[in-house]
Amino acid sequence: MQVAHSDEIEWFGQVGHRQGGVDFKRLLQGEEMTANNFEFNLAKVEENYTTPRHRHNFDQVRFVLDGSFGFSRDQKQTAGTIGYFSEGTYYQQMADGPSQTILLQCASASCAPYVSFAKLREAVDAMKSDGLGEFNNGIFTTKNNGKKVNKDAFEAAWEQATTQTISYPRPRFDDPVIMQTDNFQYLDVVGVAGVQRKILGAFGERRLKIGFLRFDEGATMELDGQVSGAHLLYVLVGECEFNGQTCKPGSAIHVTDDEVASILAKTACELYYVRLPTRVTT
């Protein structure tokens, strides 16, 4: 089990293949360059951040904590909403004023290796150092027989990092799925006194699941990764303990698929969670 406290982690700037205007706190990471890898971060966006219309070969889940953030086709996420961005689905990011988001990126059904922010930054630095081209506003530009050739900056960095040619699955959804979390209901967890669960949805062949847990003060629960799969959790309200480790608002927890976490609510608590995609052998 991993625990990270956001108030103990420094912000860092752009990842290299996109323009400035966004900062990150890297909370938790998975298994580098595999189909079981993930990045669980806080993202802080300024008013002027935009990207080209693009797609990815991994899944994203975006939970807006503060402010609002815009996407293509007039889609907008406001505070409290969660967006699911399926691999292969095109979208564009367009800041709608300052915002802060809990951002999960993870390998998905296509099982393409997920490349971390750190590895993407290394790839971009190497490409710049070798004079392979220029990164500008989310586009990587090279020259072929004197003619400019443009490629999405993420694609270029991913191919550099993996030495593979990128491919994309056919999109499961035409657009990002935006969930109005307040319109879902909490239901009692059967057999667990004082604990309720709100399930927003499960997506894809590897069954990524999104939801919330709510605890009364003093309530306890075991999260068995061998039964329910690996989970990422983020404390929104209250104080709790995971296997005796104190967690508070802003704490992030990774429970793997081979361990059991005992959760004790020291006060009334609310936690956001994502069950990670089912493990694959790579």
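Answer yes or no as to whether E31 is touching a strand residue (DSSP E or B) at 6+ places or on another chain (Cβ under 9 Å), part of a loop (DSSP other than H, G, I, E, B) and within 27 Å of E241 (Cβ to Cβ). Against the criterion (touching a strand residue (DSSP E or B) at 6+ places or on another chain (Cβ under 9 Å), part of a loop (DSSP other than H, G, I, E, B) and within 27 Å of E241 (Cβ to Cβ)), E31 qualifies. Take the stretch 211-255 and flag every residue that is hydroxyl-bearing (S, T, Y) and part of a strand (DSSP E or B). The answer is T220, Y234, T246, S251.
Just one residue in the set S167, S228 is under 18 Å from V260 (Cα atoms) and out of contact with any helix residue (DSSP H, G or I) (no Cβ under 7 Å at 6 or more places or on another chain); that residue is S228. Restricted to the stretch 193-225, and to residues there that are small (G, A, S) and surrounded by fewer than 19 Cβ atoms within 10 Å (Cβ to Cβ), the residue that is modelled with the lowest pLDDT is G204. Here D258, D182 are screened, and the one residue that is in a loop (DSSP other than H, G, I, E, B) and surrounded by fewer than 17 Cβ atoms within 10 Å (Cβ to Cβ) is D258. Of all the criteria given as (1) surrounded by fewer than 19 Cβ atoms within 10 Å (Cβ to Cβ); (2) modelled with pLDDT of 95 or more; (3) of a type outside the set (S, T, Y); (4) under 15 Å from the mean Cα position of the chain (by Cα), the one not satisfied by E31 is (2).
Restricting the stretch 77-93 to residues that are without any contact (Cβ under 8 Å) to a residue 60 or more places away in the chain and surrounded by fewer than 18 Cβ atoms within 10 Å (Cβ to Cβ) leaves a set whose member that is nearest to R53 (Cα to Cα) is Q92.
Has the stretch 116-132 got any residue that is free of Cβ contacts under 8 Å to residues at least 60 places away in the same chain, within 24 Å of A230 (Cα to Cα) and assigned to a loop (DSSP other than H, G, I, E, B)? No, that holds for no residue.
Would a scan of the stretch 142-163 turn up a residue that is in a loop (DSSP other than H, G, I, E, B), aliphatic (A, V, I, L, M) and out of contact with any Phe, Trp or Tyr (no Cβ under 6 Å at 6 or more places or on another chain)? Scanning the stretch 142-163, I find no residue that is in a loop (DSSP other than H, G, I, E, B), aliphatic (A, V, I, L, M) and out of contact with any Phe, Trp or Tyr (no Cβ under 6 Å at 6 or more places or on another chain), so the answer is no.
Beta carbons closer than 7 Å, at least 6 apart along the sequence or on distinct chains, pair a first residue in the stretch 267-282 that is within 16 Å of L65 (Cα to Cα) with a second that is among the hydroxyl-bearing types (S, T, Y) for L271/Y234; Y272/Y234. Filtering the stretch 226-255 to residues that are within 20 Å of V280 (Cα to Cα), buried (at least 20 other Cβ atoms within 10 Å of the Cβ) and of a type outside the set (A, V, I, L, M, F, W, C) leaves G229, H231, H254.
What about V45, is it surrounded by 15 or more Cβ atoms within 10 Å (Cβ to Cβ), at pLDDT 95 or above and among the β-branched types (V, I, T)? Taking the combined requirement at face value, the residue does not satisfy it. The condition of being within 19 Å of L276 (Cβ to Cβ) and within 18 Å of the chain's Cα centre (by Cα) holds for only one of R121, R197, R206, that being R206. Restricting attention to the stretch 132-155, the residues that are of a type in the set (A, V, I, L, M, F, W, C) and in contact with a strand residue (DSSP E or B) (Cβ under 6 Å, 6 or more places away or on another chain) total 4. Any residue at all in the stretch 96-109 that is in contact with a helix residue (DSSP H, G or I) (Cβ under 7 Å, 6 or more places away or on another chain), crowded, with 22+ Cβ neighbours inside 10 Å and over 26 Å from Q160 (Cα atoms)? Among the residues of the stretch 96-109, not one is in contact with a helix residue (DSSP H, G or I) (Cβ under 7 Å, 6 or more places away or on another chain), crowded, with 22+ Cβ neighbours inside 10 Å and over 26 Å from Q160 (Cα atoms), which makes the answer no.
Which residues, counting only those in the stretch 94-109, are more than 15 Å from the chain's Cα centre (by Cα) and either modelled with pLDDT of 95 or more or assigned to a strand (DSSP E or B) (or both)? Once the filter is applied, which keeps residues that are more than 15 Å from the chain's Cα centre (by Cα) and either modelled with pLDDT of 95 or more or assigned to a strand (DSSP E or B) (or both), the stretch 94-109 yields M94, A95, D96, G97, P98, S99.
Over 23 Å from D182 (Cα atoms), in contact with a Cys (Cβ under 6 Å, 6 or more places away or on another chain) and not aliphatic (A, V, I, L, M): is that true of C269 in this structure? Considered against the rule, which asks whether it is over 23 Å from D182 (Cα atoms), in contact with a Cys (Cβ under 6 Å, 6 or more places away or on another chain) and not aliphatic (A, V, I, L, M), C269 comes out as no.
The values are calculated or read from the model by the stated rules, or taken from the named source; none is laboratory data. The structure displayed is predicted, hence computed values, not measured ones. Counting neighbours? That spans all protein chains shown, and the Cβs are built from the backbone with ideal geometry, glycine included.
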